[in-house]
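The values are calculated or read from the model by the stated rules, or taken from the named source; none is laboratory data. Worth saying up front: this structure is predicted, and the values here are computed from it rather than measured. Methodologically, a virtual Cβ is constructed for each residue, glycine included, from the backbone with ideal geometry; neighbour enumeration extends over all protein chains shown. These accessible areas exclude ligands, DNA and RNA; they are computed on the full protein's heavy atoms, side chains included. Shrake-Rupley method; radii C 1.70, N 1.55, O 1.52, S 1.80 Å.
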Amino acid sequence: MTSPTIEELAALPPFALLSRDDLRAAAQLFTARSYAKDAIVATEGDRLEYFNFILSGRVQGFWRDEEGHQLKLGIDEPGMHFPDQALTGEPTLVSHVAISDMRLASIRREDLMRLLERHPQIAVVMLMSVVARLRRMIARARMLTMDDVYGRVVKLLLAGAGDGGQVSERLTHAEIGQRIGATREMVGRVLRDLARGGYIEADGGRITILKKLPSHW
């Protein structure tokens, strides 16, 4: 397997301030790995030998229970890293699947720790990233525990809506349910009620918000 290029490593925020000589030395500690879309990159419960930085593509975290029910978590994009639990050597708490073709820079945990000791500025940037992820996870946990299904659907739609009110992604009822922890039947009921009230328009998985959504239903 090959190492990432110096240019690829420099494009990662934690390594952006390293000199070319330091980048060249650091690159030798990494292995470049490629994954096709839909490939499982990490499985919950595994002790992972490598920590990954995303060079290109996107990966989604998820949980799946024994009955096959799935809850989709956050999406990590180029410049981000995962799984954070690998830093401690403990089993990963989240499974990850590639949602596009991916290229990763993977490094053994022991090598990463030595690299962080040599270049503390890398650790500072990574710490800020971990804190940002923690904030997102806390906000998501609050939504799942404090909001009803209607509130969760509305927050998802509003978060994805761009100019003109159209949600950028094509979302099936099942996809929405997997993201907010609800059944597709419950999601379908909420969307049908909103459509009947003239608040949204749904066509082929494309959802457009037509007017301000009620805070409660």
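Name every residue in the range 179-193 that is of a type in the set (Val, Ile, Thr) and at pLDDT 90 or above, in order of residue number. Scanning the range 179-193 gives Val187, Val190.
Considering only residues in the range 147-164 that are over 18 Å from Arg136 (Cα atoms) and either of a type outside the set (Asp, Glu) or under 22 Å from the mean Cα position of the chain (by Cα) (or both), the one that is most open to solvent (accessible area, probe 1.4 Å) turns out to be Gly164. Residues of the range 73-92 that are charged (D, E, K, R), crowded, with 17+ Cβ neighbours inside 10 Å and in contact with a helix residue (DSSP H, G or I) (Cβ under 8 Å, 6 or more places away or on another chain): none at all.
If I ask for residues that are open to solvent by 20 Å² or more (accessible area, probe 1.4 Å) and either under 13 Å from Glu44 (Cα atoms) or among the polar types (S, T, N, Q) (or both), which ones from the range 95-110 would you list? Before you say what the answer is, go through the steps one by one.
First, pick out the residues of the range 95-110 that are open to solvent by 20 Å² or more (accessible area, probe 1.4 Å): 97, 99-101, 103, 108-110.
Selection gives Val97, Ser100.
Considering the range 73-89, and only residues there that are under 15 Å from the mean Cα position of the chain (by Cα) and in a helix (DSSP H, G or I), the residue that is nearest to Ala132 (Cα to Cα) turns out to be Asp84.
Would you be able to say whether some residue in the range 43-54 is surrounded by fewer than 16 Cβ atoms within 10 Å (Cβ to Cβ), modelled with pLDDT under 95, of a type in the set (Lys, Arg) and within 24 Å of Gly177 (Cα to Cα)?
No, the range 43-54 has no match at all.
Checking each residue in the range 165-178 for being modelled with pLDDT under 90 and open to solvent by 70 Å² or more (accessible area, probe 1.4 Å) picks out Gln166, Ser168, Glu169, Arg170, Thr172.
Yes/no per residue for (1) under 23 Å from Glu44 (Cβ atoms); (2) outside any loop (DSSP other than H, G, I, E, B):
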{"position": "Glu67", "(1), (2)": "yes, no"}
{"position": "Leu71", "(1), (2)": "yes, yes"}
{"position": "Leu112", "(1), (2)": "yes, yes"}
{"position": "Ile122", "(1), (2)": "no, yes"}
{"position": "Leu127", "(1), (2)": "no, yes"}
{"position": "Val131", "(1), (2)": "yes, yes"}
{"position": "Met143", "(1), (2)": "yes, yes"}
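Considering only the range 17-42, state which residues are in contact (Cβ under 8 Å) with a residue 24 or more places away in the chain, more than 24 Å from Ile99 (Cβ to Cβ) and surrounded by fewer than 16 Cβ atoms within 10 Å (Cβ to Cβ).
Just the residues of the range 17-42 that are in contact (Cβ under 8 Å) with a residue 24 or more places away in the chain, to begin with: 17-18, 22, 26-42.
Imposing the further condition that a residue be more than 24 Å from Ile99 (Cβ to Cβ) reduces the set to 17-18, 22, 26-29.
Within the range 17-42, Leu17, Gln28 meet the criteria.
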